[in-house]
């Protein structure tokens, strides 16, 4: 496999330069990393004994400990890696993101508000789309696409509408996706192509939003998006292969050594298989097949096995929507006006319980790990109750499936007790505290909002939890994600539940060893331990000793996969 060679450094005077016993070439390390602050994320070492060096051979860790003790691994060809006091950690493991969707977004207009991009109002949004159209020379009749707009951050405090998009682009089909990707707005050309008018009925699990006069506004929620999205031409196979390489470099720049594709359609998975056959994966990719293509993935089989960095990890099902988009499913109503809803506005399930039961039954019966998107507590109730029903009907242990509840944003304390009983793994999303904490407070009230992504409580209860960015919903910046888990600070400066602020070490567990557990790879990843893969990230500072407010600004200097440098900051 072709990989970027590790950067060579001059041989420096150190204890390793002293004479050492003869080491047989077959026993000598390929690299020895030393002169670093090493956080192993292995509880046998962290806080108990200082690790001064790490020895690597054939992409695996063969020794950790004191520098003197590791002299036995130094041979004539061993590369000595002096990290000059920087911090060495196990590579970050992506708890949940959408790799394929993210690389596709590289070809679309970024309509995000600060700090991600610069869209502050609807005229900014229109101008950004026009710049995108001109830069890419998109001719009349072809699609103009954008993503990431957030009405809660726009000066108008509302969604754009089809009339505004149609006036700016009367001859192009236009579709722009909300920051949550659970809804979007189409212009008139796109709506006509999709056969959407004021009288088009809502599809199951979705809403075509209409104004008070009954006119369709262009806003399409949840499954209603499919009416337009299915018309958008897919990116070509060869172009997607190029984007696979480009996307990996982007992930690696944040210290990620294991990525996730969180809802793969069949086209994306076919590209990934070709990329694996061509040995294009420098990082590992965990793929969750979309429940909409369950039959296809069940025929594909081979779940849980890596092939040149690619693994079909499980099946993902979406049970509800977005809390900031007010489509997440709650037991109690939202406190603010909900587009497309008049009374008892609690969001809604994306699938009926009977369908969830069907998917769960197939996965559990075949031993396939299930990942379920569930934001609101009503959606989580549905998931918990269905899990109990299915495990009872199959006669299997309720706590051995390692089902992952993606987001678990507004899980209740009593539901965490059931997580323990069922062995559920919540993958939290603490970036919501910053990006939408103020919005959640307005929509749900402070009590519900302040318990979002309760990582500290979960850890103290003994629940193994991960954390994620949901890229491209938020950038895949793992240090920013760590910062949001330990500060829970909203854009306004408000703290979203002071008692739920995790310690830095708890936050790091969610990005490393717990991530490995989630993916059933804790025996080979997640900590700097003998026998595990040499997947590392080198940071400019130690997050355990850095001022909390500065954690988000720590730079990733190098990302190492199996002993090979994949990314290096120049």
What is the number of the single condition among (1) modelled with pLDDT under 95; (2) at positive phi that residue 343 does not meet?
(2)
Just checking, which of 192, 157 is surrounded by fewer than 19 Cβ atoms within 10 Å (Cβ to Cβ), without any contact (Cβ under 8 Å) to a residue 60 or more places away in the chain and under 30 Å from residue 480 (Cα atoms)?
157
Verdict on residue 427 being buried (at least 24 other Cβ atoms within 10 Å of the Cβ) and either part of a helix (DSSP H, G or I) or on the phi < 0 side of the Ramachandran plot (or both):
yes
Could you list, in sequence order, the residues of region 303-339 that are assigned to a loop (DSSP other than H, G, I, E, B), more than 21 Å from residue 377 (Cβ to Cβ) and in contact with a strand residue (DSSP E or B) (Cβ under 6 Å, 6 or more places away or on another chain)?
309, 339
Being surrounded by fewer than 21 Cβ atoms within 10 Å (Cβ to Cβ) and either at positive phi or in a helix (DSSP H, G or I) (or both) narrows it down to one of 117, 100, 127, so name that one.
127
Residue under question is residue 530, and the condition is that it be at pLDDT below 95 and in a loop (DSSP other than H, G, I, E, B); does it hold?
no
Across region 533-564, what is the total count of residues that are under 18 Å from residue 29 (Cα atoms) and either without any contact (Cβ under 8 Å) to a residue 40 or more places away in the chain or in a loop (DSSP other than H, G, I, E, B) (or both)?
4
Quick one: residue 570 ticks every box in (1) out of contact with any strand residue (DSSP E or B) (no Cβ under 8 Å at 6 or more places or on another chain); (2) within 23 Å of residue 81 (Cβ to Cβ); (3) part of a helix (DSSP H, G or I) bar one, so which box is it?
(3)
Considering only helices (runs of 4 or more DSSP H) wholly within region 442-527, the ones with at least 2 residues that are under 28 Å from residue 105 (Cβ atoms) and in contact with a helix residue (DSSP H, G or I) (Cβ under 6 Å, 6 or more places away or on another chain) are 478-487, 504-511
In this structure, is residue 187 touching a strand residue (DSSP E or B) at 6+ places or on another chain (Cβ under 7 Å) and surrounded by fewer than 19 Cβ atoms within 10 Å (Cβ to Cβ)?
no
Across region 150-174, which residue is nearest to the chain's Cα centre (by Cα) among those that are under 19 Å from residue 225 (Cα atoms) and assigned to a loop (DSSP other than H, G, I, E, B)?
150
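The values are calculated or read from the model by the stated rules, or taken from the named source; none is laboratory data. As the structure is a prediction and not an experimental result, all values here were calculated from the model. Here Cβ is always computed from backbone atoms with ideal geometry, including for glycine, and neighbour counts include all displayed protein chains.
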